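The structure appears below as structure tokens.
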Amino acid sequence: MVKSWYRLCHALKAHGTVILLNMAVILPFTLLTGYIKLSTLLNGYTAGRTLRRSTGIELLITLFSEPYTLPYEGILTEISEIIWCFPIALCFFTASLVRHPKLRQYLICISILLTLLMIDDAFRVTLILYVLLSVPKMVSYGLYVGFGVAIATYFHHIILKTPYPWLLLATGLMAISALADFVPIPGIGTPIMLEDGTKLLGLVNLTIYIWKLAQTSLKSLTLTPDS
């Protein structure tokens, strides 16, 4: 019994991250399954009978429903949300391999910032806070900008040793996209291109920057441990 408990503790310690990530998926699905089961029981569900009232099954169908009525509807938005994943994955992957401690911290900080931006973009967090709680969009944008400025200030020595022109280009395009959300722009297609088009282009250049940074970091061409 003691030996089994020791092995379990050792496995948890060795594979804690993997277990945590799996539990982050398993636990919500377990809770959702329990809710659906309870909802069907309260609504008098039995095999072969139609549910008398709305149940959790409808919630499950809604959560996994396809958002398109046309094959190409929202495709550029979805592509933008997919591209978010590339620089984030590259940052976390590179951070797990490099030995330079400050570079690792820089990559992790970028990863956190990009993850927050991706979640906001995918789930419309800023828009929901504005509509439901009347939180000004400027507050959310200000927090993101403040985090980005803090990263740039603290890691400026590291940034200057990276292919930062791509970062500046990506940041500028993302800034134009954010400003287009506040400034009334005349025209029919111009507002969409300035807000969503520049964001997509900015994400592409951001991915290029992170890709070049990962190559440089892993080859240890410009950064040394005592930088």
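Within segment 120-153, track down each residue that is free of Cβ contacts under 8 Å to residues at least 12 places away in the same chain and over 21 Å from PHE182 (Cβ atoms).
ALA150, ALA152, THR153
Restricting to segment 130-144, give me the number of residues that are part of a helix (DSSP H, G or I) and open to solvent by less than 90 Å² (accessible area, probe 1.4 Å). Break it down stepwise before answering.
Step one: of segment 130-144, the residues part of a helix (DSSP H, G or I) are 130-133, 137-144.
Now drop any that are not open to solvent by less than 90 Å² (accessible area, probe 1.4 Å), which leaves 137, 139-142, 144.
Going through segment 130-144 one residue at a time, the tally reaches 6.
Can you pull out every residue in segment 156-175 that is surrounded by 17 or more Cβ atoms within 10 Å (Cβ to Cβ) and over 15 Å from ILE210 (Cα atoms)?
Once the filter is applied, which keeps residues that are surrounded by 17 or more Cβ atoms within 10 Å (Cβ to Cβ) and over 15 Å from ILE210 (Cα atoms), segment 156-175 yields LEU173, MET174.
Yes or no: LEU76 open to solvent by 50 Å² or more (accessible area, probe 1.4 Å), touching a Phe, Trp or Tyr at 6+ places or on another chain (Cβ under 8 Å) and not β-branched (Val, Ile, Thr)? Even if it seems obvious, please write down each step before you answer.
Numbers: open to solvent by 50 Å² or more (accessible area, probe 1.4 Å): yes; touching a Phe, Trp or Tyr at 6+ places or on another chain (Cβ under 8 Å): no; not β-branched (Val, Ile, Thr): yes.
Answer is no for this residue.
Name every residue in segment 160-194 that is among the small types (Gly, Ala, Ser) and in contact with a Phe, Trp or Tyr (Cβ under 8 Å, 6 or more places away or on another chain), in order of residue number. Don't jump to the end; show me each part of the working.
Narrowing segment 160-194 to residues among the small types (Gly, Ala, Ser): 170, 172, 175, 177-178, 180, 187, 189.
Listed by number, the residues that qualify are ALA170, ALA178.
Residues checked against (1) touching a Leu at 6+ places or on another chain (Cβ under 8 Å); (2) assigned to a loop (DSSP other than H, G, I, E, B):
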| site | (1), (2) |
| --- | --- |
| LEU70 | no, yes |
| TRP84 | yes, no |
| CYS109 | no, no |
| LEU113 | no, no |
| LEU116 | no, no |
| ASP120 | no, no |
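Test each condition in (1) hydrophobic (A, V, I, L, M, F, W, C); (2) open to solvent by 30 Å² or more (accessible area, probe 1.4 Å); (3) within 21 Å of GLU81 (Cβ to Cβ); (4) in contact with a Leu (Cβ under 7 Å, 6 or more places away or on another chain) for ILE210 and report the one that comes out false.
Here ILE210 clears every test but (2).
Taking segment 176-196 only, how many residues are part of a helix (DSSP H, G or I) and open to solvent by less than 80 Å² (accessible area, probe 1.4 Å)?
Start the filter on segment 176-196 by keeping residues that are part of a helix (DSSP H, G or I), which leaves 176-180, 190-196.
Going one step further and asking which of them are open to solvent by less than 80 Å² (accessible area, probe 1.4 Å), we end up with 176-178, 180, 190-191, 194-196.
Result for segment 176-196: 9.
Of all residues in segment 91-107, which are surrounded by 15 or more Cβ atoms within 10 Å (Cβ to Cβ) and aliphatic (A, V, I, L, M)?
ALA95, VAL98, LEU103, LEU107
The values are calculated or read from the model by the stated rules, or taken from the named source; none is laboratory data. Being a predicted model, the structure only gives us computed values, none of them experimental. Because the Cβ atoms are built from the backbone with ideal geometry, glycine has one as well, and the counts that use them run over all protein chains shown. Just so you know, the surface numbers come from the protein's heavy atoms only, side chains and all, with ligands and any DNA or RNA stripped out. Shrake-Rupley method; radii C 1.70, N 1.55, O 1.52, S 1.80 Å.
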